[in-house]
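Beneath this line is the structure, given in structure tokens, with notes to follow.
The values are calculated or read from the model by the stated rules, or taken from the named source; none is laboratory data. Treat the numbers as computed from the prediction; the structure is a model and nothing was measured. Note that we place each Cβ from the backbone using ideal geometry, even for glycine, and neighbour counts take in every protein chain shown.
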Amino acid sequence: MCDGEPNRIAKLANLSALLNLALDDINWVGFYLRERDTLVLGPFQGKPACVRIPMGKGVCGSAAASGHIQRIANVHEFAGHIACDGASNAEIVLPLGQGDEVWGVLDIDSPHYGRFDEQDEAGLAQLVAQVLPLL
């Protein structure tokens, strides 16, 4: 579907659509792309979302700033959580890139508390590792 496509936005748009079709019990899936010290909304599936998130703020900004996956069972207990959709109760965010080279994040929300487990994290991390070189 994206074979030979050089445009990163087009590939991320299709990836968000595929993830939305493949994952159960989610209400938002998409990407935020880094512009200096801010994450800016990229391709996604779901309700309208926050457009800009400062690095280090909220679950997405924390994942981007630390370079580590954030898997949150209850976002309402996460200090500094940014509520773009009040229906979201659990979230997993995977950084795209490494260390200072993080150029974006994959963000997935669910209305179900504890929706994401270790198996989800491992599978999504493997997916990111496989598709990152293609982006």
(message) Any residue in the range 24-39 that is closer than 8 Å to Val105 by Cα sitting within a Cβ distance under 9 Å of a residue that is crowded, with 16+ Cβ neighbours inside 10 Å and basic (Lys, Arg)? List the pairs, counting only those 6 or more apart or interchain.
(response) Leu33/Arg8
(message) I'd like the full set of residues that are in contact (Cβ under 8 Å) with a residue 60 or more places away in the chain and either in contact with a Gly (Cβ under 8 Å, 6 or more places away or on another chain) or surrounded by fewer than 18 Cβ atoms within 10 Å (Cβ to Cβ) (or both), limited to the range 48-96.
(response) Ala87, Leu96
(message) Looking only at the range 84-123, filter to residues that are modelled with pLDDT of 95 or more and among the charged types (D, E, K, R); which one of those is nearest to Arg52 (Cα to Cα)?
(response) Asp107
(message) Is it the case, given these coordinates, that Ile26 is crowded, with 20+ Cβ neighbours inside 10 Å, farther than 15 Å from Arg115 by Cα and at pLDDT 95 or above?
(response) no
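Results for (1) touching a Cys at 6+ places or on another chain (Cβ under 6 Å); (2) over 25 Å from Asn7 (Cβ atoms), shown as yes or no for each residue.
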| residue | (1), (2) |
| --- | --- |
| Leu19 | no, no |
| Asp25 | no, yes |
| Tyr32 | yes, no |
| Thr38 | no, no |
| Leu41 | no, no |
| Ala64 | no, no |
| Ala73 | no, yes |
| Glu77 | no, yes |
(request) State whether the residues of the range 19-38 include one that is among the β-branched types (Val, Ile, Thr) and closer than 21 Å to Ala90 by Cβ. (result) yes
(message) For the range 104-130, give me the residue count where each residue is touching a Pro at 6+ places or on another chain (Cβ under 9 Å) and hydrophobic (A, V, I, L, M, F, W, C).
(response) 3
(message) Exactly one of these conditions fails for Asn14: (1) among the polar types (S, T, N, Q); (2) touching a Cys at 6+ places or on another chain (Cβ under 8 Å); (3) crowded, with 17+ Cβ neighbours inside 10 Å. Give me its number.
(response) (3)
(message) Looking at the structure I just gave you, is Gln45 in contact with a Cys (Cβ under 9 Å, 6 or more places away or on another chain), buried (at least 16 other Cβ atoms within 10 Å of the Cβ) and under 21 Å from Phe116 (Cα atoms)?
(response) no
